Amino acid sequence: MQDLSVATSWFHSFLLGYIPEWAAVTLECLLIGVGLLLLYAVLALFYILFERKVCAAFQCRLGPNRVGPWGLLQSVADMFKILIKELITLNHGDKFLFELAPFLVIIASMLAFAVLPWGNGLEVINFNVGIFFLLAVSSIGVLGILLAGWSSNNKYTLIGALRSGAQMVSYELSMGLSVVTMVVIAGTMNVHEICMAQEHLWFIFSGHIPAIIAFIIFMIAGTAETNRGPFDLPEAESELTAGYHTEYSGIHFGFYYLAEYLNLFIVSGVAALLFFGGWMPLHIPGFDAFNNIMDYIPSVVWFLAKAVALSFIIIWFKWTFPRLRIDQLLTLEWKYLLPINLFNLVLMVVVVLYRLTL
Amino acid sequence: MEVTTKGMPYEAWKDNEYIEKLVQELRDNGTNVVVGSLDKLINWGRSNSIWPLTFATSCCGIEFVSLGAARYDMARFGWEVARASPRQADFMMVAGTIVHRMVPVFRRLYDQLAEPKYVIACGSCAISGGPFKKSYCVAMGIEDIVPVDVFVPGCPPRPEAMIYGIMQLSRKIKVEKFFGGVNRKKSQEEFLASHPIQETTHE
Amino acid sequence: MANTQEKIAKLFPQVTVSQGNAGIELTLADQSRWHDLASALRHELGFDFLVTIAGMDWKEEGLGCVYYMVASDRHECLSVKVTATGDREKPYIQSVFDLWDIATIFEREVYDYFGIIFVNNPDMRRLFLNIDWKGYPLRKDYDADPATNPISIESERQTDFTESWVEKDGKIVKEIKRIFQPDDFVINIGPQHPATHGVLRFRTALDGEIIKKIDVYLGYIHRGVEKICEEDTYPQTLHFMDRLDYFSGQIYHHGLCMLYEEAAGIQVNKRIEVIRVLMDELSRIASHCLFIGTYCMDLGATTMLFYALRVREQILDIFEKTCGARMTFNYACIGGVMQDLHPDFVHDVHALLDVLPGNIKEYNTLFTGNVIARDRMEGVGVLTREDAISWAVSGPNGRASGWACDVRKNFPYAVYDEVDFDEIILHEGDAMARFKARILEMEQSARIIAQLIDNIPEGDYLVKVPKMLKIPAGHWFKMVEGCRGTFGIYLESDGGTIPYRLKLAPPCLPAAAVVDHITEGEKIADLITIGGSMDYIVPDIDR
């Protein structure tokens, strides 16, 4: 298994040879920041195209295929367009909050990017409450949505925002609890260590029943958390025109558009981390030759492939199910998922205590 | 200057004279038609990403739905991102009759669209009142209400005709210079100045 | 029938009774007895389904209305002609809003067109035209000069008040009433809204997510078809039928052609009838396909739209080969059909019938059985049988509430009495039942087509019709079963080549009007479920 921390520490010592440490750290931070931003943009463009293509496939259509080879440049063209669209300012809205809201949303998802396990030794910050930090920052996003709905001074956006608030706050519980369930089996909140703990077998296999339950709940909660169908009430097109971002145009809207897809990536990235080993290649105890072959595939590829595969499932949900109603949505969370989750947590503790893991 | 379209030879277009005339006019007015690669890049992006506003009043709207469906699949061109909010849409496909009561609503929708915005008058009702020419409350064409970029005749136009119409719009966008003033902005402003909305006070 | 005639003659000796093409016709000269007569008709004689109120302007003989009603249990049709009291400035008739719920809306429509005031009707606003509209367009002396009512881009005046005219001390006085309470949170749904299926507008008073009241605001696509028809020759009026409910174009054409043929005494042969019925049923399947698609899309299952449109495209192909158009066919014409069937027609229809059962099964697996779909649709927007009849909600919507209202069965026309099919009747009356009723109806339509397709009789596709068709003076009424319910047409002719008055009674107007009644107390998301399940077509409502 290639450890990319070798490369990063070599780069660090290389810089130290020329400049003092503070300058080296600052330069590294800048590089990482730029790198993350680029990755962020590229991933978003990829995801937009990916969703459009997948959706087209589900609907027996072709999807974008005219712009660039096989339509690959479609989302790039969209980006150019959206960048130069007029930004409409509202007369009677709260201007400051209106401008602030999209940035909150985008910052929340960008911060969450920092702790994703990109590859072996590629964590941006490797600190001991990584997964907790991720949950914490990703919940800033709801603020952006609430503010957007409020500051637009529009009844539709307000309803959309309130729905969204209720939905995200509720489903964060489920998400948090299923993360806690997995933290129990990992015994750590450090992202790197969670990956390392799955060196022999991914948690979805080693944690068997409770892990599978936690995985299903995590996927449901994650779909709800990203406001995607069948839980896309906040922007339910057929009810609320475009929900909380009805009044946003140009790049402000673009931010919401990007954040939606990036959140999708983050949720599937976290699911990949907790249940499918993050960047950890597929290892099966006893099959050493197989394990060695798997190690040849770079860890970055492993992580991205897992995340995209899981996103595919979430996209699949969206294009299959009809939308829930707000009361049904909350019933699902509070009456079903939450009790099951609590029970599952106890089950996991029992499994771990009695060493029933595989 | 030749306006090229992917997968469609220049001669296959029916009204090249029009687009050439447009380019010529823009040149005569002193506005340079798309020079430089940045302009080219931006116009490439703009002309390939035109999102419609979901707006349909009658029969033509159903053909517009068919346009999105598998057989005609406007997603191929990247037009399938139909936005329900006018703030996020690029063009408005006026699919259907605009009647007396709808006119203020329609105009407001147009005003709500974010620049650069375009209008396609789709179907004979939107062009001239069509079969309802004799009616007491149908607007005889939307040209008097908003500036129109492309007309698509038919009652209702076939989805193929709609595709052709939107492709024509795409061609028109391609020859516009974006930085230093969108060319058509002037005529649009003139139009809006001659069709103002008076502030009215209703008790 | 004779029984009814006797009873009426006994109860109201001053009423003139005669026999028309659709049933008994009563004439009431004095409108002050109208409410009593209507009450007797409604409660004692069981005429519970008010099909339409056709406002009339008889010039010197004054203004008035023709009411068409049907007794839902014995399929008997009856019409009442009532003349308004008062001069042309302020004519009035007693309102019957308390007998038939739908009369409230129908009377508003007549008021809008003719300026006839309905005394006691609680909501006497204009229905389709602006509040400040000058004149009543369907009156014969209406000034159609565009300068009178110029097109304006200024927002229309809005009001939260409505008028009502009541009789006090022998005088008709105006009262002002509130539509919404001052502290209501009113949200505007439409006219440009993805879920209203066109330009319909609901002004919705909300309490949180609960709907308190809906004010259905119409007229955003009111094109004045009835008035234009009075200026066109008979064949010219036909093509408007394609543009009302654009899915039932074939059926509406069929209905109007039958009416003209009956009035002009033209006999069509069996082949023409069979072709027309085939086209009707094909368009019914296509229409229900689109309903399934758009309805599922409203509920968030976008993918279903594309699956449903697949079948629709196949039907449109069949149409296109024969009629030459995808939507506005203009196929049936007076005395037959425009073109003979395309040679591929039989083969194509067979191909359709082969794939249809599989597709219907797929729809059921994908959507009807889905737990989310069932949660959202079952028990939502329940419309009882009594309400359905009183609100005149016919077609699949009415049948989903347990009301056997299929015109094809009750008043058979063309060859419907010779083919074997079931009338789909469900009893739940909720959104799910309305959805299922349409799916089941597709199967029945396929059954009708299967019986006819191999037995299309030989003959001409067009019989000889005079070039300039004249219809003798008189009046006729005809009902056909459109895709969305009973479509009634009332024709009054003065013997010329153009109709004196052509009243179209669309099925979608009641379907939209009833939304207020069945959404009360439901959630705002259910408005979409309910509105979608009523499947109204806005140009059909507004005409």
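The values are calculated or read from the model by the stated rules, or taken from the named source; none is laboratory data. Please read these numbers as outputs of a predicted model, since none were measured by experiment. Cβ placement follows ideal geometry from the backbone for every residue including glycine, while neighbour counts extend to all protein chains displayed. Heavy atoms of the whole protein, side chains included, go into the accessibility calculation; ligands, DNA and RNA do not. Shrake-Rupley method; radii C 1.70, N 1.55, O 1.52, S 1.80 Å.
Shown in residue order for the range A:249-262 are the 3J(HN,Hα) couplings computed by the Karplus curve 6.51 cos²θ - 1.76 cosθ + 1.60 at θ = phi - 60°: 10, x, 6, 4, 5, x, 4, 5, 4, 5, 4, 4, 6, 5 Hz (x for Gly and Pro). About its Cα centre, the dipole of the protein assembly as shown is roughly 1120 debye, where the only charges are +1 on Lys and Arg Cβ and -1 on Asp and Glu Cβ.
C:ARG178 accessible area, nearest 10 Å², 1.4 Å probe? C:ARG178 has an accessible surface of roughly 100 Å² with all protein chains in place.
Could you tell me which chymotrypsin sites (Phe, Trp or Tyr not before Pro) in the range B:82-182 are loop residues by DSSP with no more than 12 other beta carbons within 10 angstrom of their beta carbon? Show your work: numbers first, answer last.
Details: sites: B:PHE91, B:PHE106, B:TYR110, B:TYR118, B:PHE132, B:TYR136, B:PHE151, B:TYR164, B:PHE178, B:PHE179; in loops: B:TYR136, B:PHE178, B:PHE179.
Qualifying residues, ordered by number: B:PHE179.
With every protein chain in place and a 1.4 angstrom probe, the accessible-area ranking of C:ASP112, C:ASP340, largest first, reads C:ASP340, C:ASP112. Taken residue by residue and averaged, Cβ atoms of other chains lying within 10 Å of the Cβ of A:187-200 number 0. When +1 charges are put on Lys and Arg Cβ atoms and -1 charges on Asp and Glu Cβ atoms, the dipole computed for chain A relative to its Cα centre reaches about 840 debye. Ranking of C:THR162, A:THR357 by solvent-accessible surface, largest first: A:THR357, C:THR162 (1.4 Å probe, protein heavy atoms only, all chains present). With a/c under 1.5 counting as rounded, go ahead and sort the range C:450-501 into rounded, prolate or oblate using the C-alpha gyration tensor (a ≥ b ≥ c being the square roots of the eigenvalues; past the cut-off, prolate if a/b is larger than b/c, else oblate). Oblate shape, in that a/c is at least 1.5 and b/c is the bigger or equal ratio. Amide H to amide H distances under 5 Å link C:ARG201 with C:TYR217, where only residues 5 or more positions off or on other chains count and H is placed in the peptide plane. Association of chains A and C removes close to 2400 square angstrom of accessible area from solvent, both sides included, for a probe radius of 1.4 Å.
For the range B:145-159, backbone phi angles converted through the Karplus equation (6.51, -1.76, 1.60; θ = phi - 60°) give residue-by-residue couplings of 9, 9, x, 10, 9, 9, 10, 10, x, x, 9, x, x, 5, x Hz, Gly and Pro being listed as x.
Ligands, DNA and RNA aside, C:ILE210 has an accessible area near 60 Å² when probed at 1.4 Å. Since only A:VAL34, A:GLY144, A:LEU329 are under comparison, the one whose Cα sits farthest along the positive direction of the charge dipole of chain A, derived from C-beta charges on Lys, Arg, Asp and Glu, is A:LEU329.
Between A:VAL34 and B:GLU17, the modelled label-to-label distance comes to 5.5 nm, taking each label 7 Å out from Cα in the direction of the beta carbon. Within the range C:233-268, none of the chymotrypsin sites (Phe, Trp or Tyr not before Pro) combine a DSSP coil assignment with at most 12 other C-beta atoms in a 10 angstrom radius. By the rule of a C-alpha distance below 30 Å, with chain neighbours fewer than 8 residues away ignored, the lysines paired with C:LYS134 are B:LYS133, B:LYS134, C:LYS59, C:LYS81, C:LYS90, C:LYS168, C:LYS171, C:LYS174, C:LYS177, C:LYS213, C:LYS227, C:LYS503. Summarising the amide proton neighbourhood of C:TRP165: residues at separation of 5 or more, or on other chains, whose placed amide H is nearer than 5 Å comprise C:ASN120, C:ASN121, C:GLU175. Quick check: net charge around B:ARG46, other residues with Cβ under 9 Å of its Cβ, Lys/Arg +1 and Asp/Glu -1? Computed value for this residue: 0.
Ranking A:ARG66, B:ARG107 by solvent-accessible area of protein heavy atoms (1.4 Å probe, all protein chains present), from largest to smallest, gives A:ARG66, B:ARG107. Positive end of the dipole of the protein assembly as shown (Cβ unit charges, origin at the Cα centre): among B:ILE42, C:TRP58, C:GLN236, the Cα lying farthest that way belongs to B:ILE42. With all protein chains present, calculate the accessible area of A:CYS55 using a 1.4 Å probe and round the result to the nearest 10 Å². The value for A:CYS55 is about 10 Å². Cross-link candidates for B:LYS6: which lysines have Cα within less than 25 Å, leaving aside residues fewer than 8 places away along the same chain? Within reach: A:LYS53, A:LYS81, A:LYS85, B:LYS14, B:LYS21, B:LYS40, B:LYS117, B:LYS172, B:LYS174, B:LYS177. Sequence-ordered 3J(HN,Hα) estimates for the range C:115-127 from the Karplus curve with 6.51, -1.76 and 1.60 and θ = phi - 60° stand at x, 7, 8, 9, 5, 5, 4, x, 9, 9, 8, 6, 9 Hz, glycine and proline given as x. Shape class of the range C:225-542 from the Cα gyration tensor (axes a ≥ b ≥ c, square roots of the eigenvalues): oblate, since a/c reaches 1.5 or more and a/b does not exceed b/c. Annotation for the range A:133-190: chymotrypsin sites (Phe, Trp or Tyr not before Pro) lying in DSSP loop with at most 13 further Cβ atoms inside 10 Å of their Cβ do not exist. Shielding value for A:72-84 is 6, the average number of Cβ atoms from other chains within 10 Å of each residue's Cβ. If you sort the three axes of the alpha carbon gyration tensor as a ≥ b ≥ c, you get a/c under 1.5 for the range C:1-54, which makes it rounded. Once backbone amide H atoms are built at 1.01 Å from N, C:GLN94 has C:VAL119 as its partners under 5 Å, excluding neighbours fewer than 5 places away on the same chain. On a per residue basis, the convex hull of the C-alpha atoms belonging to the protein assembly as shown measures out at 198 Å³.
Considering only A:LEU134, A:ILE194, A:ASN227, and ranking their Cα positions along the charge dipole of chain A that arises from unit charges at the beta-carbon of Lys, Arg, Asp and Glu, the one farthest toward the positive end is A:ASN227.
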